[in-house]
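**Q** Take a look at the following structure, please.
The values are calculated or read from the model by the stated rules, or taken from the named source; none is laboratory data. Please read all numbers here as calculations on a predicted model, not as lab measurements. Cβ: placed from backbone, ideal geometry, glycine included. Neighbour counts: every protein chain shown.
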Amino acid sequence: MNKSHLIFLDTETTGIGPDDRLCQVAYKFQDAENEALFKPPVPISIDAMAVAHITNKMVADKELFLDSAMHKKLAEIFSGDHILVAHNAGFDAEMLKREKLEPKNLIDTFKLAQYLDASGEIPKYALQYLRYYHDLEVPNAQAHDALGDIRVLERLFDFYFEKMLTGGKDEAIIIQEMLDVSARPVLVKKFNFGKYIGMSVADVAGKDRNYLQWLLNEKVRARDQEENNDENWIYTLEHYLG
């Protein structure tokens, strides 16, 4: 397929809170890969260091992202009709927004994974988990490194694109379907945490509505306090509590 209108992007950040910022960006656009570290305006948290292995010392002498040539290039790309492809794209888009960049079009492979897993058989939807679950061959792709992650991201996108291409659909129709899926919350099929792990949400709804109501209250509280906006779970719980 022609990918000239797609930009595959991943960020590493100082954390996942409302005040956190990016400290590494990698992207691939029109066959060219770009990656760089940046000095964030807030310290990198210990939790973030443990995941991405980027420390405050490593970025102490780096430039601010807002002042960088990469920021200027991304602003140019996002000014057009290009499509940002990311895993949990809403998070990356929010981090870019904090840096005065706003992509107009998003494809989220995290949502695509759940959408295409109709029976809810996949236990987890993390990028690297899906890489190995689908047995995807991705050379030179170190986990939790922004450049390695975009290589996995592109391979995962290709895998889902090929899966959706069955039935003689036009490529443009597939891309539009991906955009549509990514623009709305998806219905979670099974619990992958808590006392009902492995059970379908529909079965738990018939057995313990009080638990679903409690979980919904917790998810809404976290969203309202800007801790975590888990729109897929909120949508799912509201659907079953009806």
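**Q** Among the residues of the range 106-161, write down those that are surrounded by fewer than 19 Cβ atoms within 10 Å (Cβ to Cβ), over 19 Å from N34 (Cβ atoms) and polar (S, T, N, Q).
**A** Answer for the range 106-161, where residues must be surrounded by fewer than 19 Cβ atoms within 10 Å (Cβ to Cβ), over 19 Å from N34 (Cβ atoms) and polar (S, T, N, Q): S119, Q128.
**Q** Considering only residues that are modelled with pLDDT of 95 or more and closer than 24 Å to A118 by Cα, which ones fall in the range 214-230?
**A** Within the range 214-230, the subset modelled with pLDDT of 95 or more is 214-221.
Answer for the range 214-230, where residues must be modelled with pLDDT of 95 or more and closer than 24 Å to A118 by Cα: L215, L216, K219.
**Q** Something else: Would you be able to say whether some residue in the range 74-87 is more than 30 Å from V186 (Cα to Cα) and in the same structural domain as L165 (by TED's automatic domain parsing)? Full working, then the answer.
**A** First pass over the range 74-87, keeping only residues more than 30 Å from V186 (Cα to Cα): 76.
In the following step, the residues that additionally are in the same structural domain as L165 (by TED's automatic domain parsing) were identified as 76.
The answer is yes; a qualifying residue exists.
**Q** Among (1) among the hydrophobic types (A, V, I, L, M, F, W, C); (2) over 26 Å from A183 (Cα atoms); (3) touching a His at 6+ places or on another chain (Cβ under 9 Å), where does M58 come up short?
**A** With respect to (1) among the hydrophobic types (A, V, I, L, M, F, W, C); (2) over 26 Å from A183 (Cα atoms); (3) touching a His at 6+ places or on another chain (Cβ under 9 Å), M58 is out only on (3).
**Q** Residues in the range 209-227 that are touching a residue at least 12 places away in the same chain (Cβ under 8 Å) and surrounded by 15 or more Cβ atoms within 10 Å (Cβ to Cβ): how many?
**A** Of the residues in the range 209-227, the ones touching a residue at least 12 places away in the same chain (Cβ under 8 Å) are 209, 211-213, 215-216, 219-220, 226-227.
So of that shortlist, the ones also surrounded by 15 or more Cβ atoms within 10 Å (Cβ to Cβ) come out as 211-212, 215-216, 219-220.
Selection size over the range 209-227: 6.
**Q** Right, next: What about M164, is it touching a strand residue (DSSP E or B) at 6+ places or on another chain (Cβ under 8 Å) and surrounded by 12 or more Cβ atoms within 10 Å (Cβ to Cβ)? Break it down stepwise before answering.
**A** Values: touching a strand residue (DSSP E or B) at 6+ places or on another chain (Cβ under 8 Å): no; surrounded by 12 or more Cβ atoms within 10 Å (Cβ to Cβ): yes.
Answer is no for this residue.
Residue by residue, here is whether (1) assigned by TED's automatic domain parsing to the domain that holds A146; (2) within 21 Å of the chain's Cα centre (by Cα); (3) surrounded by fewer than 13 Cβ atoms within 10 Å (Cβ to Cβ); (4) modelled with pLDDT under 95 holds:
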residue	(1), (2), (3), (4)
Q24	yes, yes, no, no
F29	yes, yes, no, no
A36	yes, yes, no, no
P40	yes, yes, no, no
P43	yes, no, no, no
A52	yes, yes, no, yes
N56	yes, no, no, no
A60	yes, no, yes, no
F65	yes, yes, no, no
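**Q** Inside the range 21-50, can you point out the residues that are touching a residue at least 40 places away in the same chain (Cβ under 8 Å) and not aromatic (F, W, Y)? Please lay out each step first, then the result.
**A** Let us first name the residues in the range 21-50 that are touching a residue at least 40 places away in the same chain (Cβ under 8 Å), namely 21-22, 24-29, 33, 35.
Answer for the range 21-50, where residues must be touching a residue at least 40 places away in the same chain (Cβ under 8 Å) and not aromatic (F, W, Y): R21, L22, Q24, V25, A26, K28, E33, E35.
**Q** Restricting to the range 109-125, name every residue that is part of a helix (DSSP H, G or I) and either touching a Lys or Arg at 6+ places or on another chain (Cβ under 7 Å) or more than 24 Å from V188 (Cβ to Cβ) (or both).
**A** Looking only at the range 109-125, we keep the residues that are part of a helix (DSSP H, G or I), and these are 109-116.
Within the range 109-125, L116 is the sole residue that qualifies.
**Q** Please enumerate the residues belonging to the range 126-147 that are more than 22 Å from V186 (Cα to Cα) and without any contact (Cβ under 8 Å) to a residue 24 or more places away in the chain. Steps first, answer last, please.
**A** Step one: of the range 126-147, the residues more than 22 Å from V186 (Cα to Cα) are 132, 135-147.
Within the range 126-147, Y132, D135, L136, E137, V138, P139, N140, A141, Q142, A143 meet the criteria.
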